[in-house]
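**Q** Below is the structure I would like to discuss, written out as structure tokens.
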Amino acid sequence: MKSNAIHGAWIALLLAITGQVHADEAHSPDPIPNCSGHQSPYRDFDFWVGEWEVFDPSGDRKYGNNSVQKKENGCLILEQWASVDGTNGISMNFYDPLEKQWRQVWQNAGFFIDYSGGLDDQGRMQLEGTIFYHANGQQAPFRGRWTKKSDGSVLQEFWQYNSTSSQWDGWFRGLYKKTTE
């Protein structure tokens, strides 16, 4: 009888190793979709992908150009910003399957931003985290929001928390318009 129990255990172990039976099937997490696929959440930020001219939303003043491209089979969105005043910056944007949220890491000579979040109930990408200024070492809570407009443009807005006034101050507003090629 003991021999049959051992034999059964070996068969169960062999099946589990070969993937034919999962010993912990009841406790296995939902499968994580492939980041190069076409499903949410990995495609949630695709509305921002493109070649853009960025303007002041209330007028015609151009702020700069932004190239936002999918990389790594669609698993990464790379942003390359060039302002009209000569400042540049780069961000990496990706869905983090471990944290189950989108993350952007921005870097330029002036500041570093690391924040995360996802789509809100209106389909806007909202991220929250921290901005760090290289020159003085100051840091503050920071928020960003990207809103796709009906004409295909994207409104980008940033806020920085002001600890003195206990308010979120506007930091940047730009309207992205696709370049005509």
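**Q** Checking residue 67 against (1) under 19 Å from residue 148 (Cβ atoms); (2) polar (S, T, N, Q); (3) within 14 Å of the chain's Cα centre (by Cα), which test does it fail?
**A** (3)
**Q** Of all residues in the range 61-99, which are basic (Lys, Arg) and over 17 Å from residue 46 (Cα atoms)?
**A** Within the range 61-99, 61, 62 qualify.
**Q** So which residues in the range 56-75 are of a type in the set (A, V, I, L, M, F, W, C) and closer than 23 Å to residue 122 by Cα, if there are any at all? If you could, list the steps in order and put the result at the bottom.
**A** First pass over the range 56-75, keeping only residues of a type in the set (A, V, I, L, M, F, W, C): 68, 75.
Listed by number, the list holds a single entry, 68.
**Q** Can you pull out every residue in the range 165-181 that is part of a strand (DSSP E or B), out of contact with any Phe, Trp or Tyr (no Cβ under 7 Å at 6 or more places or on another chain) and either in contact (Cβ under 8 Å) with a residue 60 or more places away in the chain or surrounded by 15 or more Cβ atoms within 10 Å (Cβ to Cβ) (or both)? Outline the logic, then answer.
**A** Narrowing the range 165-181 to residues part of a strand (DSSP E or B): 167-178.
Remaining after also requiring out of contact with any Phe, Trp or Tyr (no Cβ under 7 Å at 6 or more places or on another chain): 167, 173.
Matches in the range 165-181: 173 only.
**Q** Which members of the range 132-154 meet the condition of being open to solvent by 20 Å² or more (accessible area, probe 1.4 Å) and under 16 Å from residue 177 (Cβ atoms)?
**A** The initial filter retains those residues of the range 132-154 that are open to solvent by 20 Å² or more (accessible area, probe 1.4 Å), namely 132-139, 141, 143, 145, 147-152.
Matches in the range 132-154: 147, 148, 149, 150, 151, 152.
**Q** Any chance you could count how many residues in the range 33-64 are surrounded by 12 or more Cβ atoms within 10 Å (Cβ to Cβ) and modelled with pLDDT under 85?
**A** 1
**Q** Of the residues that sit in the range 81-128 and are among the small types (Gly, Ala, Ser) and under 21 Å from residue 139 (Cα atoms), which one is surrounded by the fewest Cβ atoms within 10 Å (Cβ to Cβ)?
**A** Among those residues, the one meeting the criterion is 109.
The values are calculated or read from the model by the stated rules, or taken from the named source; none is laboratory data. These figures come from a predicted structure and were not determined experimentally. Virtual Cβ from ideal backbone geometry, glycine too; neighbours counted across all protein chains shown. Ligands, DNA and RNA are excluded from the accessible area calculation, which covers all protein heavy atoms including side chains. Shrake-Rupley method; radii C 1.70, N 1.55, O 1.52, S 1.80 Å.
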